[in-house]
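The values are calculated or read from the model by the stated rules, or taken from the named source; none is laboratory data. Predicted model only: the values in this text are computed from it and were never measured. When we count neighbours, we look across all protein chains shown, and the Cβ atoms used for this are built from the backbone with ideal geometry, even at glycine. Side chains are part of the model used for accessible areas, which takes the heavy atoms of the whole protein and leaves out ligands, DNA and RNA. Shrake-Rupley method; radii C 1.70, N 1.55, O 1.52, S 1.80 Å.
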Amino acid sequence: MGPWAVEEVERALSVIQGFDPVGVAARDLQECLLLQLRHHGHAGTPSERIVSEHMQLLKNHQVPELARKLGMSIDELKPHIELIRHLDPKPGSRHNPSQSQYVIPDVYVVKIEDAYVAVLNEEGLPQLRISPVYRRLLDKGAENTDETRAYVKDKFRSALWLIKSVEQRQKTIHKVATSIINFQRDFLDHGIEYLRPLVLRDVANDIGMHESTVSRVVSNKYIHTPRGLFPMKYFFHSGIDSTSGDDVSSLSIKNKISRIVEDEDARRPHSDARIMQKLRAEGIQIARRTVAKYREELRIPSSSQRKQNF
């Protein structure tokens, strides 16, 4: 079968775009929103014109400029922007909900009097042991050939190695968890603001193991604490100098940035430079480009995109 003509494909696409939910099979966000506006009877309205001609202004929250382009007041423009905001940018996602994945912690942190203790979760971990039947095969008085005893002895050694390896793994997990508890005691007592900068090397040196061993142990492992359930890797973050002489965890700084943005005036959002000044006022020696990097990692838009004029 030869290639289809563009006109034929366009007609087929038009049919598919009429399927439910409205907005599917769109080639980009703009087309997705336009399909929804037209389906709901908003063709030819300022709402459609905003999406078809001025998407960039809308994305950047440049409301006064948008009003000027459309020859409208901000109050007249407001309901059209609200209408667009209530459209669905991913109309197919509701039909493909992600399945809930339940995490079973590998370690529990329990507070006993004034101390935190790591307790391994061994539920579901089989208790390995060697059957007495195979032990009896090794007895010299038993009616077994030397070849049989040699075979069983070899398998016996392999089984013992496996049992000891599992025990060693559990001991290593416990050591790493205990070290994390010691380093992050302030976090366990007071919360994220007190999370310390920590790298794998710190824990490796603390427990006398190689850094690569610690890396393997914390990979895909979860630890349940009085502060919540976290991946073990959650506790490892770089630090930034503070005027107090202590380093501050990058995760703690991200939390501070989120709070600063949450508390700002939406009509006058803080620039990265202003956020930097606020953090420095708290004694955190941070550069503006680092603020921008953390803000982007938090998926917080720039100040111009956060700005609202009504």
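Of the solvent-accessible surface of the chain, computed with a 1.4 Å probe over protein heavy atoms with every protein chain present, carbon and sulfur atoms account for 50 percent.
Accessible surface computed residue by residue for the chain, with neighbouring protein chains in place and a 1.4 Å probe, gives 65 Å² per residue. At 0.36 nm per residue, and after removing the present C-alpha to C-alpha distance, how many nm does the segment from Ala287 to Arg27 gain when stretched out fully? My answer for the length gained is 89.7 nm.
Using a cut-off of 14 Å between beta-carbons, work out the net charge of the residues near Val218 (Lys and Arg +1, Asp and Glu -1, Val218 not included). Don't skip to the answer; put the middle values down first.
Working: positive: Arg169, Lys175, Arg201, Arg216, Lys221, Lys233; negative: Asp106, Asp202, Asp206, Glu211.
With Lys, Arg at +1 and Asp, Glu at -1, the neighbours total +2.
Check every DSSP H run in the chain and write down those whose alpha carbon atoms cover 27 angstrom or more along the long axis and whose mean Kyte-Doolittle hydropathy is -0.5 or greater. Taking the DSSP H segments of the chain (at least 27 Å long, mean hydropathy at least -0.5), we get 146-183. Computed from the C-beta positions of Lys221 and Ser271, the FRET efficiency with R₀ = 30 Å rounds to 0.15.
Computed from label points 7 Å out along Cα-Cβ, the spacing between Ala43 and Phe156 is 8.6 nm.
Rounded to the nearest 20, the size of the Cβ-charge dipole of segment 142-234 about its Cα centre is 100 debye, with Lys and Arg at +1 and Asp and Glu at -1. Within the shell of other residues whose beta carbon sits under 12 angstrom from the beta carbon of Arg94, the net charge comes to -1, with Lys and Arg scored +1 and Asp and Glu -1. What is the sum of charges around Lys254, taking Lys and Arg as +1, Asp and Glu as -1, for the other residues whose C-beta is under 9 Å from the C-beta of Lys254? Local charge sum for Lys254: +1.
Summarising the amide proton neighbourhood of His237: residues at separation of 5 or more, or on other chains, whose placed amide H is nearer than 5 Å comprise Leu198. Size descriptors for the chain: radius of gyration and Dmax over Cα atoms are 30.5, 104 Å. The mean sequence separation of alpha-carbon pairs under 8 Å and at least six residues apart, normalised by the residue count of segment 34-92, gives a relative contact order of 28 percent. Farthest towards the positive end of the charge dipole of the chain, among the residues Ala281, Phe183, Gly228, is the Cα of Phe183, using unit charges on the Cβ of Lys, Arg, Asp and Glu. Relative contact order, percent, of segment 218-296 when contacts are C-alpha pairs under 8 Å separated by at least 6 residues? About 24 percent, as a whole number.
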